[in-house]
Amino acid sequence: MMVADMISLAQTEKSYDPFILEEFETAKLKIKLGTLEETITGASGVGDDIVKEEIRENGLVANLFYPENCKTAPGVLHINGSLNHIQDARAIRLAREGFVVMEVGYNVQKYGNENFMKKNLLSLEYFESAAKTLLAHEKCYGDRLAVVGQCKGADIALGFASICPELVELTVTQAGSIPAPIACDLSYGNNIFKKMELAASADSLPLVTHLFTFTDDGFISPTWGTFGVLHGPDDFLFKMDDEEKWQINYDEAAKIKQTGFPLKNIPKIFHFQPLDDPHLAPSQAHSMEISELFLEGLPNVQKLDFLHSGHMAVLPEVPVVTQSVMAYGPLKLLVKWSRNETKEQKLKEAQEHRRLFDNIVSILKENM
C-alpha cells in the first residue's frame, strides 16, 4: 500500500474527527472493516525510483520530485488546496510519469508560512519565486512550465499564470474558482484581486444566517453549499428567486469576469469542472453554465471538461470522501464535498478521478 502525505478523515460513533498524517517515511496504520482488523505499514509514496528534495529556504516552502534516472524533464508547478500541510501525493504521481514536479506549500505554519486566512492576502510573487526556482533546477528543462491547481490552488494557478505568462506554458485546473480568488485576496505588486466571497455588509447578514445551520453536536454546516457566499463587487453570484430556486446573477457574473484575472494572457487553459461539488454551484446545470460563462470568448481555452465528481478528485485510487470536518479556530465546520452518496454514485465518481488523472498526464505529455 502506498500512502502519501495526506489528510485522513474518519467517522467515530458520536462525532467526526479529522486527523492529519504528517510527512513521514513509514507509518503503521490500523484498519478495521466490520469484524476484520489488520495493521499495515505504509510507505511515504516516494520509493527508491523517485528523488525528493525539500526546499525550506529564502521563504519558500516546497517539495520537489523527479525520477531517479531523469536527465532533464519538463517542469510542473503543483498547487493544492489550503490545508496547513504539504499535500504532495499527486505531485509524486506526476513525477512517476516523467516530470520534475514542485509541490508548493503556502499555508504551512509548521515551516514558516503565515496563515493567509488571518491576513486575508496572499502574494503571487511567492509563486513567481517558486516557478523561477523550479525552472532554474538542473533537472528541469525549458523556460516555461505547467501550473496544475486544485481547490484554492486553482485560482492561485490562474492568477499567477495570468500575471506571469512568460513563465507558463499552460494551466490545468479543477474544483476551484475560475475568474477570481476565493478565501483570500491575491496580490501582485500594487494589483489586488479581491476574493469572490461574502461582502461584510448589514444587508448580507440575514442571508448568512439563512445559509448556515447549527447541528446538535455543535457543528456549523452550510445549508446548501458554500457557493451561497460567492460574492462579486456588488452582489451575490447565486441568488434565490421568489420561488426559492437558485439562479445565476448574470449581471454580477459579468462584473466578476471583468474585474478578475486577465485570463486572456495565459497561453493555454485546461479546466475540469466537477459537477457534483457543492462548493461551486447549486446544481450540475448551474455548474456547467457558470464555468462556460466565465471561459466564454477566450481563444486560449483548449479544454473545458465536466466531471461527474465532487471536490476531492485528486488521486485516482483514493476512496471518495462525502463530508468531513474543518476547524477554523473554535469553529467546527461540517463540510460536504460531494453530492454523490450512493454506492453506485461513488463507484462512478472514483472512475472520474481516474479519468481526470489520465487526462492531466496526457495534457502534460502532449503540450510540454
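List of remarks:
- Along the axis of the charge dipole computed for segment 6-367 (Cβ charges of +1 for Lys and Arg, -1 for Asp and Glu, origin at the Cα centre), the listed residues ILE220, SER324, VAL51 are led at the positive end by VAL51.
- Residues LYS118, LYS152, LYS332, sorted so that the one with the fewest Cβ neighbours within 10 Å comes first: LYS118, LYS332, LYS152
- Cβ charges +1 (Lys, Arg) and -1 (Asp, Glu), total dipole of segment 243-365, debye: 420
- Taking amide hydrogens as placed 1.01 Å from N in the peptide plane, the amide H of ASP88 sits under 5 Å from those of ASP5, each at least 5 positions away in sequence or on another chain.
- Rg and Dmax over the alpha-carbon atoms of segment 120-202 stand at 13.7, 54 Å.
- Of the residues GLY98, TYR111, THR259, the one whose Cα sits farthest toward the positive end of the charge dipole of segment 6-367, with +1 on the Cβ of Lys and Arg and -1 on the Cβ of Asp and Glu, is GLY98.
- Per-peptide packing, taken as the mean over residues of other Cβ atoms within 10 Å, places 289-301, 178-190, 238-250 in the sequence 178-190, 289-301, 238-250 from highest down.
- Under 18 Å from LYS194, Cα to Cα: aspartates and glutamates that are on another chain or at least 8 residues apart: GLU125, ASP155, ASP185, ASP234, ASP235, ASP251, GLU252
- Two-site FRET efficiency, GLN351 against TRP246, from Cβ-Cβ distance with R₀ of 45 Å, rounded to 0.05: 0.95
- Paramagnetic reach from GLU114 (point 7 Å along Cα→Cβ, amide N under 15 Å) across segment 126-156: 126-127
- Look at the dipole of segment 6-367 built from charges on Cβ: of ILE86, GLY142, CYS184, the Cα furthest out on the positive end belongs to GLY142.
- Fraction of antiparallel bridges per DSSP, segment 218-314 only, in percent to nearest 5: 40
- When both bridge partners sit in segment 6-367, DSSP labels roughly 60% of those beta bridges antiparallel.
Readers should treat all values here as calculations from the given coordinates under stated rules, not as data from a laboratory. All values reported here derive from a predicted model rather than from experimental measurement. We place every Cβ from the backbone using ideal geometry, glycine too, and count neighbours over all the protein chains shown.
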